[in-house]
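S.K.: I am attaching a structure below and will ask some questions about it afterwards.
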Amino acid sequence: MPKQDPYAALRIREFNIFLIVRFALIFAWSMQFVVIEWQVYALTDNELSLGIIGACEFIPAFLMAPFAGHIVDQKEKRNLFAILIALFSLISFGLFWLTSQMVTETWTTSNIVLGIYCLVFFGGLLRAFFSPTVFSLVALLVPKAIYPNAATWSSSTWKGATVTGALIGGFLIGSIGVNTTLGIIFLLVMFGLVVVFLIKKKPILNKKIGESVKESLKSGLRFVFTDKVILGALTLDMISVLFGGAVAIFAVFATKVLNAGPEGFGILNASLSLGSILTMLATTHIPITKSTGKKLLVAVFGFGLSMIVFGASKLFWLSVVALFIAGVFDGISMVVRQTILQLKTPDDMRGRVGAVNSMFVGSSNELGALESGIAARIFGAPLAVVLGGTVTLLTVVVMSLRNKPLRELDLRKDVAEHYDNAKS
C-alpha cells in the first residue's frame with residue numbers, strides 16, 4: 001500500500017462537490033437554529049420555549065430514524081439527497097415567510113411561535129433521513145481504500161460549518177435582522193439544491209429491494225447490536241457526550257464560576273470547537289488505521305479527563321486550555337468512529353447503520369443537554385461536570401476490559417485489502 005495521501009479524497013471531483021453542498025447545508029442549518037432560538041425567546045421571554053424547540057426536533061428525528069434507514073437503503077442516494085434538500089428549502093422559506101408577518105403584524109405572536117414549532121418538527125423528520133443518506137452517499141463517491149481520508153474531510157467540513165454557521169448567524173441577527181438572515185439561509189439551501197445535481201446518480205447496492213420494513217429493521221438492528229466493534233464505538237460516543245459533555249452549561253461557568261462574562265462564554269465555546277477542527281484536519285496527515293481501537297479508547301479517555309480538569313478549574317486560562325484539549329480528543333474520536341463505521345458497514349446496510357448512529361448521536365446531544373442542566377441544578381455546575389467526566393473514564397475502562405474486538409481493532413488490513421481490490 002502506498003504512502004498516505006492527505007488529500008486523496010479531495011482529488012475526486014464528485015467528493016468535492018459533495019463537500020460544497022454539505023458545507024452550505026450545515027452552515028445554513030446552524031445559522032437557522034441560532035436564529036430560531038433567538039427569535040422564539042424574543043417573542044416568548046420564556047426559557048421553556050427553548051426546550052420545546054429541542055423537543056420538536058429531537059422526538060421526530062429519534063422515532064423516525066429506524067424507518068428512515070430502511071428507506072435510504074432502498075432508494076438511489078443522489079436523488080434522495082436532492083429531495084431532502086428541496087424539502088429543507090420549504091422549511092427555510094416557511095420560516096422566512098413567518099417572520100415577515102411580524103413586520104406586517106398580520107399574525108399574532110402565539111401563531112407565529114406555533115408555526116415555528118411546526119416547521120422545526122418537520123425539520124426533525126428530515127434530520128432522520130439526512131444522516132443515513134449522507135453516510136451512504138459518501139461511500140459511493142470514493143474508493144474504499146480512501147474511506148478514512150474521506151471520513152476525515154467530511155467530519156471536518158461538518159464541524160467547520162457548524163461552528164461558523166452559528167457564529168455568523170448570531171452576527172447577522174444583530175446587523176441585518178432575523179427576517180433577512182432567514183432569506184439568506186433560504187438562498188444557501190437553494191444553492192445546495194442546484195449544485196447537488198452535478199453529482200451523478202449512484203447504483204443501489206441493496207440486494208433486498210422490496211424487503212418488508214419489519215425484516216429490514218430487524219436485520220439492521222441485529223447487525224449493529226451484534227457487532228462489538230460498531231456497538232462499542234457508538235456506545236463510547238454516546239456516553240462521552242451524554243455525561244461528559246458540558247456545552248449546555250458553559251454559560252453557567254462563564255458567569256458564576258469563572259466570572260468571564262459573555263466574552264468568556266464565547267471563548268469557551270470557541271476553544272472546544274477550535275481543538276476539534278484543528279485535530280480533524282491534522283488527521284488527514286496522520287494515519288489513524290494503525291491500532292484504531294486503542295486510539296479511540298485513548299481519545300475518549302482523554303476527553304473525559306480534560307472535562308474533569310475543566311469542571312474543577314477556577315482559573316479562566318486553565319479552563320480554556322482544558323476545553324481545547326478536550327476538543328482535540330473529541331476530534332480524534334469523531335474521525336476514528338466515522339472511519340470504523342465506513343469500513344465495517346456492509347454496502348447494503350449503510351442507511352440503517354447510519355440511522356442507528358444518528359439515534360445514538362442525536363440522543364446523546366439533546367439528552368446530554370438535559371442531563372447537564374439537571375445535574376448542574378442538583379450538584380452545581382462544577383461537580384456535575386466532574387462526575388460526568390468520571391462516568392466517561394469508567395466507561396472507557398469497562399469497554400477496554402470487556403470489548404476485546406474493539407480494543408484490538410486495527411484497520412490497516414481492511415484498507416490494504418480495499419486498495420488491492422481497487423488495483424485488480
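S.K.: Please go through segment 144-174 and pick out each residue that is more than 16 Å from Met280 (Cα to Cα), within 17 Å of the chain's Cα centre (by Cα) and not hydrophobic (A, V, I, L, M, F, W, C).
M.R.: Gly165
S.K.: Ok, one more. How do the helices (runs of 4 or more DSSP H) wholly within segment 95-201 filter down when requiring 2 or more residues that are in the same structural domain as Thr292 (by TED's automatic domain parsing): which remain? Explain how you work it out, then say what you get.
M.R.: Values: elements: 109-141, 147-176, 178-195.
Once the helices (runs of 4 or more DSSP H) in segment 95-201 are filtered for at least 2 residues that are in the same structural domain as Thr292 (by TED's automatic domain parsing), nothing remains.
S.K.: How many residues are assigned to a helix (DSSP H, G or I) and either within 29 Å of Pro6 (Cβ to Cβ) or assigned by TED's automatic domain parsing to the domain that holds Lys159 (or both) if we restrict to segment 248-284? Steps first, answer last, please.
M.R.: So in segment 248-284, the residues assigned to a helix (DSSP H, G or I) come out as 248-257, 261-282.
Subsequent filtering for residues that are either within 29 Å of Pro6 (Cβ to Cβ) or assigned by TED's automatic domain parsing to the domain that holds Lys159 (or both) retains 269-282.
Final tally of qualifying residues: 14.
S.K.: Right, another one. Cβ-Cβ below 6 Å, separation at least six or inter-chain, first residue in segment 222-243 and small (Gly, Ala, Ser), second surrounded by fewer than 22 Cβ atoms within 10 Å (Cβ to Cβ): which pairs?
M.R.: Cβ pairs passing all conditions: Gly232/Asn403.
S.K.: Related question: Looking at (1) buried (at least 18 other Cβ atoms within 10 Å of the Cβ); (2) free of Cβ contacts under 8 Å to residues at least 24 places away in the same chain; (3) within 26 Å of Phe18 (Cα to Cα), which is the one condition that is false for Leu187?
M.R.: (1)
S.K.: Taking Ile204 as the residue in question, decide whether it is assigned to a loop (DSSP other than H, G, I, E, B) and on the phi < 0 side of the Ramachandran plot. It would help to see each step written out before you state the result.
M.R.: Numbers: assigned to a loop (DSSP other than H, G, I, E, B): yes; on the phi < 0 side of the Ramachandran plot: yes.
Here the answer is yes, as Ile204 does meet what is asked.
S.K.: Mind listing just one residue for me: the one in segment 305-353 that is at pLDDT 90 or above and in a loop (DSSP other than H, G, I, E, B) and, of those, nearest to Leu234 (Cα to Cα)?
M.R.: Ser313
S.K.: Quick check, is Gln32 assigned to a helix (DSSP H, G or I), in the same structural domain as Leu167 (by TED's automatic domain parsing) and at pLDDT 85 or above? Quick ask: steps written out before the conclusion?
M.R.: Details: assigned to a helix (DSSP H, G or I): yes; in the same structural domain as Leu167 (by TED's automatic domain parsing): yes; at pLDDT 85 or above: yes.
Yes; evaluated as a whole, the condition is true for this residue.
S.K.: Just need a number here: residues in segment 360-385 that are modelled with pLDDT of 75 or more and within 23 Å of the chain's Cα centre (by Cα).
M.R.: 1
S.K.: Inside segment 17-50, can you point out the residues that are over 24 Å from Gln101 (Cα atoms) and either surrounded by fewer than 16 Cβ atoms within 10 Å (Cβ to Cβ) or touching a Gly at 6+ places or on another chain (Cβ under 9 Å) (or both)?
M.R.: Here is the first cut: in segment 17-50, the residues over 24 Å from Gln101 (Cα atoms) are 17-27.
Residues satisfying the conditions are Ile20, Val21, Arg22, Phe23, Ala24, Leu25, Ile26, Phe27.
S.K.: Hey, among the residues in segment 279-310 that are surrounded by fewer than 20 Cβ atoms within 10 Å (Cβ to Cβ) and among the β-branched types (Val, Ile, Thr), which one's nearest to the chain's Cα centre (by Cα)?
M.R.: Going through the qualifying residues, I end up with Val298.
S.K.: Tell me, yes or no, whether segment 128-137 has at least one residue that is free of Cβ contacts under 8 Å to residues at least 12 places away in the same chain and either closer than 18 Å to Val21 by Cα or surrounded by fewer than 20 Cβ atoms within 10 Å (Cβ to Cβ) (or both). So that I can check it myself, show each step before the final result.
M.R.: Pass one, segment 128-137, residues free of Cβ contacts under 8 Å to residues at least 12 places away in the same chain: none.
No; the residues of segment 128-137 include none that is free of Cβ contacts under 8 Å to residues at least 12 places away in the same chain and either closer than 18 Å to Val21 by Cα or surrounded by fewer than 20 Cβ atoms within 10 Å (Cβ to Cβ) (or both).
S.K.: Is one or more of the residues making up segment 259-269 at pLDDT 80 or above and farther than 17 Å from Ala166 by Cα?
M.R.: Yes - at least one qualifying residue is present in segment 259-269.
S.K.: Scan (1) buried (at least 23 other Cβ atoms within 10 Å of the Cβ); (2) modelled with pLDDT under 80 for the single condition Phe171 breaks and write down its number.
M.R.: It fails just one condition, (1).
S.K.: For segment 216-237, give me the residue count where each residue is closer than 23 Å to Leu394 by Cα and not β-branched (Val, Ile, Thr).
M.R.: Selection size over segment 216-237: 9.
The values are calculated or read from the model by the stated rules, or taken from the named source; none is laboratory data. Here the structure is a predicted model, which means the values were calculated and not measured. Don't worry about glycine lacking a Cβ; one is built from the backbone with ideal geometry, like all the others, and counts go over all protein chains shown.
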